[in-house]
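**Student:** Here it is, the structure in full.
No lab work stands behind these numbers, since they all come straight from the coordinates. Since the structure is predicted, the reported quantities are computational estimates derived from the model, not experimental observations. Cβ placement follows ideal geometry from the backbone for every residue including glycine, while neighbour counts extend to all protein chains displayed.
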Amino acid sequence: MDEIGPRQIELKLHGLTREDHGRVPGRLFATKLTQLINALEAADEIANGDMIHDYVLANMHMSEPTAILTEIPRAPDKPGTSAIPTFNDAVEGIKVHDAARIVRLSPVVKRIGTLTAGAETRFGFAEIRTGNQVVRVDDFLRKRALAAKKDTKGPWYEGVAYGSFDGVLEYVDVRGAIPQVKLTLSAGGREIDCVCRREDIDALGASLSHRVRVHGKCIYVSASPLPMRVEVSSIEPVKPDGDLARWVGSFRPFTIDSWDGDA
């Protein structure tokens, strides 16, 4: 994995299935790269009042279609503000349906919506990496970008909360830096879409098809009481049989002294 500098951004596309993992049509890759640059230019205009940067190819890889862009000021004496944080802010606003951010960053939001088109129909998913942050461009983000265009809300809470859920973990797609998994809840059997970090794969392997408790950032939409996605921060195995040893003596019969003397 290439080192990504503070003014660099990486786009990587994955095929529809594991079998065609690295097979992405060249025209499609070129389109997605152009759409990413369009979104960055819109972010540049918001961050600096004008488009003052060019986005120049720094590196490419063929085995997994990947391009790294470097943000370069058009005027060397006017470096301005990097547009990359503004781009990431727009992505976060789309995911959590933050109305204020969606309005403020609407040109970027619109172009990110275009970037998500075709996810899981023409390509599997894409990853956009900036430093230690990775954005997964998939059907979830596509649906959130569509929802950003609408003002209608359902009866349930919409937003972000940090919490935990108990269930059985199964793989969906372990490719890329942010593997996708599903959690079948112990209560009710409903499924929750989850994503986790690549470094948690070993923990996932040990927990596959076993009962676990996942902790993380839960993204809720108003159409359902359950989160649409959980961005997992940690996975905790659940013992099949509860350990009651620590409760020994806690439920023994006891008597309460009379309070008559306190009157």
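**Student:** Which FRET efficiency value, to the nearest 0.05, do you get for Gln133 and Thr70 by plugging their Cβ-Cβ distance into 1/(1 + (r/R0)^6) with R0 = 22 Å? Intermediate values should be presented prior to the final figure.
**Tutor:** Values: r = 17 Å, r/R0 = 0.77.
That gives a FRET efficiency of 0.85.
**Student:** Please work out the FRET efficiency for the pair Ala117 and Thr17, using the Cβ-Cβ distance as r and a Förster radius of 30 Å; give the result to the nearest 0.05.
**Tutor:** On the way: r = 19 Å, r/R0 = 0.64.
It comes to 0.95.
**Student:** For the chain, give the magnitude of the charge dipole about the Cα centre (Cβ charges: +1 Lys/Arg, -1 Asp/Glu; no others), in debye to the nearest 20. Display every interim value, and only then the final one.
**Tutor:** On the way: 34 positive and 37 negative charges, 176 e Å.
Value, rounded to 20: 840 debye.
**Student:** At 0.36 nm per residue, and after removing the present C-alpha to C-alpha distance, how many nm does the segment from Leu28 to Ala206 gain when stretched out fully?
**Tutor:** Length gained, Leu28 through Ala206: 60.4 nm.
**Student:** Exposure proxy check: Ser186, Ser207 ranked by fewest other beta carbons within 10 Å?
**Tutor:** Details: Ser186 14, Ser207 21.
Placing the least packed residue first, the sequence is Ser186, Ser207.
**Student:** Mind pulling the angle between the C-alpha long axis of helix 84-96 and the longest principal axis of the chain? Nearest 10 degrees, somewhere in 0 to 90.
**Tutor:** For 84-96 against the chain, the angle is about 40 degrees.
**Student:** Another question about this same structure. I need the peptides 211-222, 35-46 ranked by packing, meaning the mean over residues of other C-beta atoms within 10 angstrom, with the highest value on top.
**Tutor:** Working: 211-222: 19.1, 35-46: 21.2.
Result, highest mean first: 35-46, 211-222.
**Student:** Also: Quick check: pseudo-label points 7 Å beyond the Cα along Cα→Cβ at Lys143 and Asp54, how many nm apart are they?
**Tutor:** Each label point is offset 7 Å from its Cα along the Cβ direction, giving 4.2 nm.
**Student:** Further question: Counting other C-beta atoms within 10 Å, which of Asp166, Asp138 has the fewest, and how do the rest follow? Display every interim value, and only then the final one.
**Tutor:** Values: Asp166 14, Asp138 24.
Ordered from fewest to most neighbouring Cβ atoms within 10 Å, Asp166, Asp138 come out as Asp166, Asp138.
**Student:** Whole Å is fine, so just give me how far the alpha carbon centre of the stretch 213-240 lies from that of the stretch 104-181.
**Tutor:** 15 Å
**Student:** A further question on this structure: Angle check, please: helix 106-116 long axis (alpha carbons) against the longest principal axis of the chain (alpha carbons), in degrees 0 to 90, nearest 10.
**Tutor:** Between helix and principal axis, roughly 90 degrees.
**Student:** Let me ask something else. Nearest 10 degrees is fine. How inclined is helix 26-48 to the longest principal axis of the chain, computing both from alpha carbons?
**Tutor:** For helix 26-48, the angle is close to 80 degrees.
**Student:** Can you tell me the length gained on complete extension of the stretch Thr152 to Asp166, counting 0.36 nm per residue apart and subtracting the Cα distance? If you can, show how the numbers build up before the last one.
**Tutor:** Values: separation 14, 0.36 × 14 = 5.04 nm, distance 3.08 nm.
Contour length minus Cα-Cα distance gives 2.0 nm.
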